[in-house]
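Structure first, commentary second.
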Amino acid sequence: MKVTSLGHAGLKVETKADTILIDPWLSPEGAFLASWFQYPDNHHLMTPSLLDVTAIAISHEHLDHIDPWFLAQVPPETTIIIPRYPSPVLKQKVIATGLNKIIEVPQWEVVEVGEGISVFFVSEDSPMNHDSAVVIIGDGEILLNLNDARLSVAQLRSIRTKVGGVIDLLALQGAGASWYPMCYDYPQERQKELSQRKRMAKFSYIERAIAAVEPITATPCAGPPCFLDPELTWVNAQMSEGIFPDQQQVVDWLEKKDVKNMVILLPGDSFDVTEKKKEADPIWHDFSFSDRDSYIQNYAEAKTSQIAALKARYPEPTESLWETFRDYFQSLLLMSPYFNGKIGMRVGFDIQGVGGGKWAVDFRPGLEGVFQEMGECSYGYRFSSRWLPPLLSGELPWEDFFLSLRFQAWRNPDIYNDHLLGLLKFACQESLKSVENYENSMDSQERIAIHSEGQTYLIQRYCPHGGVDLLEVGEVLPGGIIRCLGHHYEFDLKTGKCLNGKCKFLDSKRI
Ligand code: FES
């Protein structure tokens, strides 16, 4: 098997008889409103031969993984393989590109794609998170591509068992795919501290993943992006010490932890899995991650016209957007009383520019409504009015917009509310119901003992947020706190209260 990097999370997997692409992202306009660009640039790989493949596997609906520009160019008879999620969003995005030979696969189900090559997906447990690992079995060798999926250790072990015990190549993500904390109005020092904490959390996850998978070789992929719009170039500082470490930094950190079997693949570099040998694309002869600033400066100059063209497609509105905003949120409020209750707060929208205003949506049970004045809000978004019409029409999904980083947010108290994002991104009763059912079905009966500061607590074994096993990923912190490394919610062991998120109580009893 030969694996070639297509840049970012994109991989080309070749066996003796077949070729599969995974998550190819080559759009010259980047993704998420021309905010994210491939780093380093991968445009030299966009040749006719790249379109001549057996199949394309797409892991999830984020636009740095499903690239409508690329898919619009592949022959219509190309097979597209996607995981089955409760929400139809990913399938709809594929269909919108004009491709309709889609195989939607339940997780763990193996699909034979060609002679001696097959694929299966493993998704994160909670239906709130649509992220899946992609496993390719080709000519008897195994690629496990985790991309953005944060699988539990138990899932990683099950993958190993399913494929016979040996993972030849593990592709994993060292950079985040998030707008937190950069888009929140934290003071500078706090911003820095949170960015570093998130970076370290990601690093410790990939260290645990490598320990669980014990791959023969591992490679960092799926990020980081770079930001070329002058309005967003400040985000590139996240590469130095925030959530977007580059591949070299990921490898350097892992090597300090004694992980030695890493290989960096730049776009066009290949790795012969059988021979365990890298073949470098000569285009990168003079490239170095340490020359990032000058590389990005030249790259940004080359992309000026694409960024301007994107913005021209979203002109400022000419009239008030209030009525459309009100109608949109009034129907959203009718979707799921469960989600409204979980959100349980008033959310402000400070829409700046022509047609905008300071409005609010109240999700609190009994107080639900859409209001033309902001009032006292516990959470808020601020962004330009040019982005609101495509958000309200559904042309621009909320999560894609948040990933563009073209907004600011504030919250008080400072706790994460993933049901708010869940409602905005799914906006579909079936998907919301599947999250509700999942959350209500989590088994909280099994108990484990946790020792903290001279005390012992019996707590529920599975995290009340996403159900991951706290025996594996519970980190005891000073002050009688346990942090779940699933999504970094922290719980007070004395009271069970979630300290940084809007989450059910952790069942905890001192003994
Ligand atoms: S599973 Fe999400 S914080 Fe525990």
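Read the figures in this text as sums done on the coordinates, not as results from a lab. The model shown is predicted, which means the values in this text are computed figures rather than measured ones. Here the Cβ is made from the backbone with ideal geometry for all residues, glycine too, and neighbour counts use every protein chain on show.
Miscellaneous remarks
- One chain, two ends: Leu367 and Ala312. Fully extended at 0.36 nm per residue, the span grows by 15.9 nm beyond their Cα-Cα distance.
- Cut-off 15 Å (backbone N to label point 7 Å along Cα→Cβ of Lys162), residues of region 124-147: 124-126, 131-138, 142-147
- Of Thr233, Cys428, Phe37, farthest towards positive along the dipole that unit charges on Lys, Arg, Asp, Glu beta carbons give the chain: Cys428
- For region 225-337: rounded, prolate or oblate by the Cα gyration tensor [a/c cutoff 1.5]: prolate
- Helical runs assigned H by DSSP (4 residues or longer) give the chain a calculated mean residue ellipticity at 222 nm of -7500 deg cm²/dmol, each run adding -39500 (n - 2.57) before division by the residue total.
- Inter-centroid distance (Cα atoms) of region 100-162 relative to region 439-511, Å: 29 Å
- Spatially, region 67-85 and region 199-272 are offset by 27 Å when compared through their Cα centroids.
- Length-normalised contact order of region 2-305 in % [C-alpha pairs under 8 Å, at least 6 apart]: 18 percent
- An oblate overall shape is assigned to region 50-127, the ratio a/c of its alpha-carbon gyration tensor axes (a ≥ b ≥ c) being 1.5 or greater and a/b not exceeding b/c.
- The alpha carbon gyration tensor of region 442-510 gives principal lengths a ≥ b ≥ c with a/c below 1.5, which makes the shape rounded.
- Among the chymotrypsin sites (Phe, Trp or Tyr not before Pro) in region 372-454, none sits in a DSSP loop with a Cβ that has at most 10 other Cβ atoms within 10 Å.
- Separation of the alpha carbons by more than 27 angstrom is noted, of Lys192/Lys276; Lys256/Lys276; Lys162/Lys509; Lys257/Lys502; Lys202/Lys425; Lys278/Lys303, for Lys192/Lys276; Lys162/Lys509; Lys257/Lys502; Lys278/Lys303.
- Here the gap between Gln107 and Ala201, fully extended at 0.36 nm per residue and compared with their Cα-Cα distance, gives a gain of 31.2 nm.
- GluC sites (Glu not before Pro) within region 65-147: DSSP coil, no more than 16 neighbouring Cβ in 10 Å: Glu77, Glu109, Glu115
- The chain: C-alpha pair distances exceeding 37 Å, %: 28 percent
- Loop sites in region 233-305: chymotrypsin sites (Phe, Trp or Tyr not before Pro), DSSP, at most 16 other Cβ within 10 Å: Phe287
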